[in-house]
Structures are given as C-alpha cells and as structure tokens.
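In what follows, a single structure is set out as structure tokens and then discussed.
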Amino acid sequence: MSEAIEVARTYLRPGKKLPTVWCGGCGLGIIMSAMLRAIAAIGVDKNKVAVVSGIGCTGRMPTYVDFNTLHTTHGRGLAFATGVKLARPELTVIAAMGDGDALAIGGNHFIHACRRNIDMTAIVANNQIYGMTGGQYSPTTPHGKRGTTAPYGNIEYAFDTTALAVGAGATFVARSSVYHAREAGLLIEKAIRHKGFSVVEIISNCHTSYGRMNKFASPVAMLEWMRDNSVSIKAAEHMDADALEGKFTRGVMVESDKPEFIQSYDEMAERVATDPAAVANVKKVIQSYDAMADRLKPENG
Amino acid sequence: MITADPKGVLTGSHYLDGDHAVAEGALAAGCRFFAGYPITPSTEVAERISARFPLVGGLFVQMEDELASMAAILGGAWGGAKSMSVTSGPGFSLMMENLGLGVMMEVPTVLVNVQRGGPSTGLPTLPAQADMMQARWGSHGDYEIIALSPSSPQECFDYTITCFNLSEKYRVPVLLMMDECVGHMTEKIVIPKAEEIEIEPRKWFKGSTEDYLPYKPDDDMVPWMVKVGDGFRFHTTGLTHDERGYPVMSAECQKDNVGRLVDKIRSRVDEIVILEEEEMEGADVVVVSYGISSRVAIPAVERARADGMKVGSLRLVTVWPFPENRIRELAGQVKAFVVPEINLGQICLEVERCAAGRAETILVPHAGGWVHDDEDIYQAIRGGAK
C-alpha cells in the first residue's frame, strides 16, 4: 500500500483536482495506476515521458498524470504521438486509448502504427462500449450484447484487439485485465521497455453503461467475470477450443525483434550521406530540374 | 528575427516548379519534420522532401492518411520541430479536424494546399481556387487563420518561409493556398544565401519550470511555448481550457479562450496582411486577385489601360485574414471591383461584403480545370468602368 501511495504522490499532478471525471468503480483508475507503477519501476525521468490521448473516458487520463500530456482529437492520439516521438526520439511516448478511440475512429492509425514500428506504447483500455457518450456499442462489444444503439443486442462482431495488433505487425503485444491489476502493470512495464511499437490491451469495466445494459449487478460482478473468464496464455496452451469458448487469454502474445523506425531512418540517413551511389541519387533528384533548364538554354540546342 | 540554418538552404539559381520550390522554402525556413500522404497535384513536395530531409537532419514520414498527417505535424511541433504537411482538396477536407486542434492548441505549423478542381475527387490534375472559403471556415467552431496565395515558383519559395514565420509569431497553423498551375509551373527561382533569409524563432518560454503556464498570454495575446520533454510537464488539449491548459467547461472560459484565439489575429490584420497594389491613384476599377489569377489578369488590365480605362490592381498575397479595411477604403473611391477567381464566387463575397454597396463587385467566375481567358476579365473591367 505504501508503494501505491508513493507512486500516487510522485506521479499524479499536484495542481489537478481529484476526483477524476470517471465514475466510481471505473477500471480506468486501475489502468492509470498500472501505467504509473510501470513507469516508476523503469525509473524514467517524468520530464521525459509524454502521454498522448484521444477522446473518450480514457482520453482524460493524461490530465491527471504529472508528465508532458497531450489530449488530442478522437482516434488521432497515435498519429499525434508519432509526431512527438519522431521530433524527440529520446522521450518515452505512451498513447492511452479506449476501444472506440483506438479501434473504430482510430483503427487505421492503430494498424499503421503497429506496422511502422516506432518505439512507442499503446495502452488500449477496452471496456467494450462507448462510455463517455452513454453506452453505444463499440468495435469490441461482443456479439449479442447490448448497447444504447444496440437495444436488441449487437448484430456485429467484435475485434480481437491483440490479434489485430499481431496481424498488423506490432512487435510487442500483450493483454491483461483490471482484475489482474498487478499483471497489467508488469505487462505495461514490459511494453515500455520493449524497443519498437508495443500494444497492451487491458480489459476494463464500464458498469455504468455496459454493465447496466448487460446484467452485471456491480463493478465487482464485472471484475469477477474477468477473473472467471480469462485464461493465461500458458494455461490456454493445454485447453481445447470448447474450453476456451467465451474466454479471453492474458499474457504476452508477441515479443519480437524488428528494426525500429527511427533507428532505420537514422541508418538510412547515414547511408545516404556516405554511400557514393546514394549521394549521386540525391544529387540527381536535386539537379534534375536544373538539368532541364540547361537543356532549354539556346546554346544547348 | 534570426537567419536561416545554412544546412537546408540550396543557395543559387534553379529552375523549379512551384511544388519543388515549396519544398526548398520549407528547408530554408528550418522545417525538419514532415508528415504527409500522397495526393495529386501536391505529391512532388513530399517526394523532394523525402529525398532532401535525411541529409539535413530532417525526418520525413508518410502517414496512412491526411487525418494522421495533420495530427503528426502538430505532435512534431510540440516536440520542438518546425513541421509541415502538403495536400490537395480531398486531403484538405480530412485535415480540417486537426487544423482546428492546431488552432485550439496554438501550434505553429504550415499546411500547403495545392488546389485542384472539386467538389469530391473533381479534377485531380487541373487547377482551381475553390478551397478558399474552406481555408477560412473549414474546421468547426470560431477561429481565425492565416492563409497566403503565391503566384509563381519564386513566391512559393519566398512565401513558404513567410508562412513559417507567421506561424511562429502568432502560434497558429498557416496555410499556403497554391493551385495546380502554380504547383506545376516551372520557372527560374533564386534562393538567397542563408544569412539573407530572415527566420522568426519560436516563442520559447525563458522562465523557470515552476512559473510556466502554457496558455497565459503575453502582451501580444500569444502564449509562450515549450518543448515536450524539457521539464515543464504541461498539459494541452483540444477542450476549452484555462491558462494552465486544463479543461474548463464554462461560458466564461470559452469567451476568454476562443476570444483570444480570434483576437490575436483580428487585432493585428494590418500587421499580418501582405498586399501588392498598382496604379490605384484615381482608379475607376480595381481588379482584386490572388494566386495564378493575378497573373492571368495582367494582359486584361494592360489592355484596358491601353484603351484609356483607369484600372488599379490589388493582389492579395495574404487572403486570410481578409484585408477588410483596405477594401472598405477603396470602396469609397472606385466604381467597381473586378474579382477573377477559379471558383464560382468565394473571395468576391468578402469583397462585396466590405464594399457594402458603395462600389459594385463583379465576379469573373471560372468553374476550374484551367485559368481564365483574359478576354473575360477584360470585359468585366469594361463593364465596371462604365
């Protein structure tokens, strides 16, 4: 407990009044503290951390944390973070997003960030609903579950966030839940330490909207659901499809080594500056128009 | 003002099209972060920058779309870089969302629109000037923006630098509103020596980290800026915010915040605006034009003068903010304004508004796809001079 208080004192913004905008019992506080514990464990200078977000309940997370914090537009947190990181590669850049933010309106940015492999961390707080707007179905609302815009049950199918990230080429992909708060913090720590683009999905609870419409009596009931319906990746290896039906897996899905974008860019710049063929090519680009001008001179026919 | 970093300046005479000249202007201005998405007729800017940037310590990234490009250049600017993106109509529409974020966060950055025919996909390879009102009003909410319109490759180079300087001074995204003609027109351009290029530095905050308030305005209404990662641990948001950058949902805060965003530009229009005037003394008709249309109008104006008509020429290098005072002043002196533009009536509405019935406003429309026939402009001048 003392560790938690220490983390809160160190990393929550002193000038920012609590409580948060989040409902009592919301999982976002657990995710925020998991992120702070991860940063504390790594020991990054808080001046060198940038937390970028989009819109929605998760979008408000940066307001409370004592880093460089940038609250942007819906879905664009990762694209904005890309600019921050590329302009200042020495920073630890984290994008905090909800499921609608990351996977619906920001879905394109999400998959391309996975593919591009810039050394940033995306935390996807997945509460399976649009919470801030009052409970509309999201890209991760399970088939058949209700939202205020799916009053008779969702006829669409949910994204599997981590499978999407793996398919799009992210070099670190993990999942946990707010019930597994300690594990969530450790996975976020691993993700931040990873050199390359990392994704951590944390299954969260929106009892106010999702829970109310889908027969969860309380936040506790939703946390118990996470406990009872998740399986560690290790355990899942020994389970068949039937046993895994309706359950989500937790742990590190992918941890791979691929050259990081900025590293590759720097190598390319180095090559272009020193390799004679590359130098000649750049000169050609610069001079192509001037060469045309020379040809057009009367003395050159 | 400081002078340009010689590393990016390709001093000498060159034969370049407007797109390439914009790229060189950005390099000379110190732009070192570019995020963009390919779109005709602007792509050549990105191509040249992708070739040039690795040699000067710049970072080029091709994003997945224009929504991301605009977001990335805002992030890059907060990271301390001078940043830019380039697009055309369809991409410009997508960028409107984060252009508004740039206005709200007061981010110095430059966005170039090489205009093509619209609406929708329209005429990808042919010119138009039909995004002029979108440049002013395209993002939701109340705001003011700065937009310049060059008419030659040399001006593409020069005014790209001006755009960067204005963006730093007023902390607002600045638009360079080109058109396909100027973008693909190839002419001689002269790039001066670095020490002859004036650069407006960023409005860096020089006080201590404890004293920093990201949105506390200076006397010129523009707040001081810091870099992400320099110890200030500030918050910035697209929400209506107080001086600390923290969201405040109230009518009072909205008035202070948005009021200042508008006033910092509106109160200094005369300082921002660049106009080129010619033979205004005793003019009966004034041709008000911008971009490629100001060059197309030249033969029509000369012919009318040869015919004995008194024709002045007012070229809007700065289109936004609109030079209201000057048009109001002229409206009391002339019979008519003639406004040739490659659209079906946009900037002419501003001229008409400021003329307020005291002088006639004659639009010379063109739906796009090519430039005006100067005969049409000549006939409009003749009509106005009667």
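What follows is calculated from the coordinates using simple rules that are stated; it is not laboratory data. Values in this document were obtained by computation on a predicted structure and should not be read as measured data. When we count neighbours, we look across all protein chains shown, and the Cβ atoms used for this are built from the backbone with ideal geometry, even at glycine.
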Restraint check, A:LYS85/B:LYS203; B:LYS216/B:LYS264; A:LYS48/B:LYS203; B:LYS82/B:LYS264; A:LYS284/B:LYS82, Cα-Cα greater than 18 Å: A:LYS85/B:LYS203; A:LYS48/B:LYS203; B:LYS82/B:LYS264; A:LYS284/B:LYS82
Net charge of neighbours whose Cβ lies under 13 Å from the Cβ of B:ARG353, counting Lys and Arg as +1 and Asp and Glu as -1: 0
GNM result for chain A, Cα springs below 10 Å: residue of A:ALA125, A:ALA87, A:ALA181 fluctuating most strongly: A:ALA87
Cα gyration tensor, segment A:50-127 - rounded (a/c under 1.5), prolate or oblate: oblate
Within chain A, longest stretch free of exposed GluC sites (Glu not before Pro) [DSSP loop, at most 10 other beta carbons within 10 Å]: A:91-236
Calculated from backbone phi, Karplus (6.51, -1.76, 1.60) coupling profile of segment B:117-126 in Hz, x at Gly/Pro: x, x, x, 6, 5, x, 10, x, 9, 10
Dipole of chain B, positive direction: furthest Cα of B:LEU213, B:LEU123, B:MET70, with charges on the beta-carbon: B:LEU213
Lys, Arg +1 and Asp, Glu -1 on Cβ, resulting dipole of segment A:1-87 about Cα centre, debye, nearest 20: 220 debye
Antiparallel DSSP beta bridges within segment A:3-258, as percent of all bridges there, nearest 5: 20 percent
Sequence-distant lysines (8 or more away, or on other chains) whose Cα lies within less than 18 Å of B:LYS310: B:LYS335, B:LYS386
Cα gyration tensor shape of segment B:274-385, rounded if a/c is under 1.5, else prolate or oblate by comparing a/b with b/c: rounded
Approximate spin-label separation B:TRP204-A:LYS234, in nm, with each point projected 7 Å along Cα-to-Cβ: 5.1 nm
Helical contribution to [θ] at 222 nm, DSSP H n ≥ 4, -39,500 (n - 2.57), averaged over chain A, rounded to 500: -12000 deg cm²/dmol
Net +/- balance of residues flanking A:GLY54 in space, Cβ distance below 9 Å, scoring K and R +1, D and E -1: 0
Tensor-based shape of segment B:1-103 (alpha-carbon gyration tensor, a/c under 1.5 rounded, otherwise prolate or oblate): oblate
About the Cα centre, charge dipole magnitude for segment A:95-196 (Lys/Arg +1, Asp/Glu -1 at Cβ), debye: 200 debye
Positive dipole terminus of the protein assembly as shown, leading residue within A:GLY29, B:PRO323, A:ILE55 (C-beta point charges): A:GLY29
Most fluctuating residue given options A:ARG193, A:ARG182, A:ARG88, as computed from a GNM of chain A linking Cα atoms under 10 Å: A:ARG88
Förster radius 25 Å - calculated FRET efficiency between B:VAL56 and A:GLU267, Cβ distance, rounded to 0.05: 0.90
Full-stretch length increase - B:GLU278, B:GLN333 - with 0.36 nm per residue and alpha-carbon distance subtracted: 18.3 nm
Gain on full stretching of the segment that runs from B:VAL248 to B:THR11 - 0.36 nm per residue minus C-alpha separation: 80.4 nm
At most 13 other Cβ within 10 Å, DSSP loop - trypsin sites (Lys or Arg not before Pro), segment B:166-195: B:LYS193
Inter-probe distance in nm under a simple model that places probes 7 Å from Cα toward Cβ, at B:ASP270 and B:TRP370: 4.4 nm
Segment A:40-47 - phi-based ³J(HN,Hα) in whole Hz, Karplus 6.51/-1.76/1.60, Gly and Pro as x: 5, 5, 6, x, 5, 4, 5, 5
Value of [θ]222 nm, deg cm²/dmol, for chain B, DSSP H segments ≥ 4, -39500 (n - 2.57) each, nearest 500: -12000 deg cm²/dmol
Point-charge dipole on Cβ atoms (K/R +1, D/E -1) for chain B, about Cα centre, debye to 20: 400 debye
Local electrostatic count, B:ALA23, Cβ distance below 9 Å [Lys/Arg +1, Asp/Glu -1]: -2
Label-point separation in nm, A:ASN281 to A:SER256, each point 7 Å along Cα→Cβ: 2.5 nm
Karplus-derived 3J(HN,Hα), 6.51/-1.76/1.60, for each residue of segment A:247-263, Hz, glycine and proline x: 10, 10, 9, 10, x, 8, 7, 9, 8, 10, 10, 9, x, 7, 4, 5, 4
Average partner coverage of B:10-18, which counts Cβ from other chains inside 10 Å: 3
Relative contact order of chain A, defined on C-alpha pairs under 8 angstrom at six or more residues apart (%): 16 percent
Proximal lysines relative to A:LYS247, as straight alpha-carbon distance under 22 Å, when same-chain residues fewer than 8 apart are discounted: A:LYS145, A:LYS215, A:LYS234
Percent RCO, i.e. relative contact order, over chain B, from Cα pairs under 8 Å lying at least 6 residues apart: 17 percent
Cα-based reach from A:LYS46 at 19 Å (exclusive), listing aspartates and glutamates while leaving out same-chain residues under 8 positions away: A:GLU3, A:GLU6, A:ASP66, A:GLU90, A:ASP119, A:GLU189, B:GLU210, B:ASP211, B:ASP230
